[in-house]
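Remarks on the structure that follows.
Every read-out reported here was derived from the displayed coordinates using simple, explicitly stated rules and does not represent laboratory data. Only a predicted model underlies this, so the values are computations on that prediction, with no experimental measurement involved. So basically every Cβ, Gly included, is an ideal-geometry build from the backbone, and we count neighbours across all protein chains shown.
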Amino acid sequence: SDCNSPYTVYKDNHDRMWFKRWFMGRCLDLKTERYIVPLDSVFRSHGVRDTVSDFFCDRHRRMWVLAGGSLVNLDDTSRRIRIDRSWGNLQDIHTADGLMYLFFSTGSVRCYDEKSLAFRFSDNPLKGSDYNAYDLQTLVLQPVRGRLCVCKSGKDNGIVLAYDLRRRSWTELLRTSCVLHGATVTPDGHVFVATPDCVYGIDIQSGDIS
């Protein structure tokens, strides 16, 4: 795998655990408790012949792979979304309310119908000098109170944004002069973001930082 992401773990609907971190990917078969080697054999077993450069998992535990210039569903390879290089590098995906969101390094977000995969709309909360300034990694957290929390890092900076799914509007929650090391969200709507120096607590509704 050529994935460019921090340490990420997925569990799919075939009793497999997927791990990826900075250009390395692995897959653990939970039934045999053994890693599947080579990793490409998993993709070939699902009918993917093109080289896979990254992989993702949606909320239904369906795996998607980036291969041959498209995002391909591993369980049904006829389900695919063409990816244009001008959009940036695909860094995360998320499904919510019947829609599938693709998040790119440039800050661009493209939305598709989850069933038909028809394109719906695109947006980018990063304008001007912020465009492509947080291109190193993107982490999307589970939605809470109707909002998605999106954490992005550049080489020496970070930004945390909240996206209102109903209003399709963005709110900046935090901006740092260092990379973000990880983040999590609680059911009551508090986001905790780790940096090299501290951990920020953010109320996703009010924006209050502690």
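As a calculated quantity, the FRET efficiency between S70 and S210 at R0 = 30 Å, using C-beta atoms, amounts to about 0.10. Over 21 Å apart at the Cα level, from the set K20/K127; K127/K152; K20/K152; K11/K155; K11/K152, are K20/K127; K11/K155; K11/K152. Quotient of the Cα radius of gyration of region 1-106 and 2.2 N^0.38 Å, N being its number of residues: 1.01. Note: relative contact order over region 131-210, using C-alpha pairs below 8 Å and six or more positions apart, is 21 percent. Stokes-Einstein diffusion of the chain at 10 °C, 1.306 mPa s viscosity, Kirkwood radius from Cα pairs, rounded to a whole number: 90 µm²/s.
Farthest towards the positive end of the charge dipole of the chain, among the residues C151, Y200, S105, is the Cα of S105, using unit charges on the Cβ of Lys, Arg, Asp and Glu.
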